[in-house]
1. List the GluC sites (Glu not before Pro) within region 21-116 that fall in a DSSP loop (any state other than H, G, I, E or B) and whose Cβ has at most 10 other Cβ atoms within 10 Å.
2. Quick check: Cα centre of region 453-480 to Cα centre of region 502-577, how many Å?
3. For Ala202 and Thr443, calculate 0.36 nm times their separation in residues minus their Cα-Cα distance, and state this gained length in nm to one decimal.
4. Within region 744-775, find all residues whose amide N lies under 20 Å from a label point positioned 7 Å from the Cα of Val540 along Cα-to-beta-carbon.
5. Let me know the charge dipole size of the chain about its Cα centre in debye, to the nearest 20, where only the beta-carbon of Lys, Arg (+1) and Asp, Glu (-1) is charged.
6. Rounded, prolate or oblate: which fits region 144-268 when a ≥ b ≥ c are the square roots of the eigenvalues of the alpha-carbon gyration tensor, with rounded for a/c under 1.5 and prolate only if a/b beats b/c?
7. Mind checking the log10 I(q)/I(0) for region 42-140 at q = 0.14, 0.16, 0.20, 0.24 Å⁻¹? Debye, one equal scatterer per Cα, no solvent, two decimals.
8. What are the ³J(HN,Hα) couplings of region 557-564, residue after residue, when phi is run through the Karplus curve with 6.51, -1.76, 1.60 and θ = phi - 60°? Round to Hz, x for glycine and proline.
Amino acid sequence: MKKNILTGSLGLLGLTALLAACTPTPTPPTYACPAGSTITNIGAVQGAADASPLAGQTVTVRGVVTLDAQAGLSGFYLQDVTPDEKADTSDAVFIYTATKPATVKVGEVVEVTGTVKEFNGLTQLDTVTTVTSCGETTLPAPMTVTLPLASATSLEASEGMLIKISQTLTVTDTFTLGRFGELGLSSGGRLFNPTNGQGGDATSNKLRTIRLDDVSSKQNPTTIPYLTGTDPQTATRRAGDTVTGLQGVLHYANSAFKVQPTKAPVFVAANPRAAAPKDVGGTVKVAGANVLNYFTTLGSAGRGASNATEFTRQKDKIVAELRALNADVITLMEVENNGETALDDLVASLNAAAGSAEYASVKTGKVGTDAIRVAIIYRPARVEPIGAAQIDTNAVYSRPPVAQVFRDRAGKGVFTVMANHFKSKGSCPTTGDTDQGQGCWNTLRVEQARAVLAFSDKLKVTDPDVLVMGDLNAYGAEDPIKTIEAAGFESLNKRIPAEDRYSYQFNGEFGYLDHALASSSLGAQVSGITEWHVNADEPVVLDYNIEFKKHPECTSTTCETPDLYAPTPYRSSDHDPVLVGLNLKADADPALPLTVNASGNDTVTAGQPYALTYTAGGNPDSVTVTWGDGKTDTVTAPTGTATHTYATAGSFTVTVTAKRGATTTTATKAVTAQPVVTAGGVYFSEYVEGSSNNKAIEIYNGTGSAIPAGSLVVNLYSNGSATPSTTNAFTLAEALPAGATYVIVNSGANAALKAKANAESGVTNFNGDDALELVLNGTRADVFGQIGTDPGTGWGSGLTFSVDKTLRRKAAVNAGDTNGTDAFDPAAEWDGFATDTFDGLGQR
């Protein structure tokens, strides 16, 4: 009996083993959550709409941690272990832990209790009360996402979930890489502006894009992600590079979906840097380059370099770019409009780098009313200027075109180059010439295009070969370009292959604002054209600026971002240069029309010399300057600078007259001689030495008369020095009207203080123990502090202590302290206010 029982038991065991071998053993769960919890499915929290239907309610959710981003995003992502299987709801949610991080790890199953919130479009749980660990499990398979998306809301149902994008994506936006650690990616290659001519539209472009983040919302990261390396000479991540097989969690912030990678992206440098522009052939080369506010006046209301160090860095990059172009004529945009000063500085730097006088400039003096102007430089050994520069005086411009006739010394071909810079698309009006699809001011740019055609008709009288160059602030298929083309000019940029036809990037879309258009007779003599992509494809963080970078002169709130500056052409500007090759036919000597131009400052102080730049073309017999106050000078050179001193204040019309035989032509310039301003009526009216970099100084003009541009200088004397800083002086580059204030703010100040600024400058890199000096036309007008004395921490005490306080000049004070070395007690002339008080700035 026992034997039979044993035999039967063995048979049963054998059958059980056989069945077990045929049936896979289910993997037991490795987690177990406490019983009794009321769990809300994450899909119910997310809902089918943009916002959660449970917003404001306290819920408990259960899921697996897919990404612990508490170090950078102050939270982690949780994906439901029992998804609701609904296609229109996401199975994941962001858990915001704020300053109380939870101990979790990827693959861990947790129950979380918190309040459902919508934060700028992201559904999340915050005010977390409990995080309970249940064990670990395998991660869910990532959801496949394919671009372009079916609609703008397609990704809402995947918010917070693990995703993968198997296709190859192209880098199309590098603008915020250094600031936020982000890249813009697109399917089907880089994005082009819809009005550039490559097709597409704004809607389809958005459906092709997604952003790649660095699992952090922190600004100015200490490590810049996704670069090719760390060597400043070569480190970059260029637009046009590619990445395939992206995997991560789908985050939402700043009105955009972002992939927070869970697997390190692998990039391909599909668009490597070119060491030189493509060959354009020809015996003569003409280039156009935007030099991004090349200002010798440092700290000029946010334009150009803030200090001498930045200017050196900027200059070295610009020189590297211009020299590598190897052009015989270069048109320049965004040169400071301060006579010949900035242009002469650039030419001198080019020649110093060349070791010889390789370049010369076309002399025009101040041109137009804008702070920047266009200019032309050339190689005298290669081309010869014929006659003087011509400037279009049409009132439609604030930055008038400049044209110059040249002769190719080798081939004897004659041609005219016109430099242009049309009105930008920004600074939009609220009515009138608003954005109708081609940016603001498009109607004005069309008017400027028509004026260029009228100007070119005058130039063609000398020679029909006219090359229109410049930043026209219009993309290739926009109305201003069509207007010029309709008049018979050829857009040479359209000879460039469509995929390579760009010079500028804005919001991740590329196009060309920098143009070369040839008159009908010149087109056949063009041997080639290229746009050298040294700027538009490069991250902004590579430029000359030192804000937020790990540089000893950085004064920003944080200065920890790697300084990847190198004196190379790459990111020397925000526009790519254009290069054109010409094979010119020999021409006879042209018959030059008699022309004359006059330029200079609009104002001068009576008793101070006024400089007028004049250019007379067409071989005049004589040139005279009538100053409008009864005085007339005959000048000996057809082009040059004439000076005059107005004895009294008033408004005058200067007339330059050129004569050739019986022919006479004139140009006029309106000049206002301001009354003599005495030092003592202009002074420091408010001083801010607040928290961190919240520092500012306000100047008040109480003289009763406007103070001309360039007359006022602020100097900084640090740590008891008797000599001012050479790198942080600030010159007011604009006139200061009577009764007006001017506020200079530190570039690292907070937004509230920056909103009060007329300019940002390194002269505000002061502490409470430093002295400030205000100088008017070389004479000291006021001093804050005591020059040559170090007070220790600061001057004064209590509320009028010069540290961590705002000091405001007493209402009874109406003149500055011109004795810079006497004892300084702020309480005598200043009222004190609490730290970071800004409400008085901008008024006196």
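1. Numbers: sites: Glu85, Glu108, Glu111; in loops: Glu85.
Those that pass, being in a loop and sparsely packed, are Glu85.
2. 24
3. Length gained, Ala202 through Thr443: 84.6 nm.
4. 745-762
5. The calculated dipole for the chain is roughly 1340 debye.
6. Cα axes put region 144-268 in the oblate bin.
7. Treating every Cα as an identical point scatterer, log10 I(q)/I(0) equals -0.45, -0.59, -0.94, -1.35.
8. 4, 10, 9, 10, 5, x, 8, 9
Every number here is computed from the coordinates shown, using simple stated rules; none is lab data. Owing to the predicted nature of the structure, the values given are computational and were not obtained by experimental measurement. As a convention, Cβ positions derive from the backbone with ideal geometry for all residues, glycine included, and neighbour counts pool all protein chains shown.
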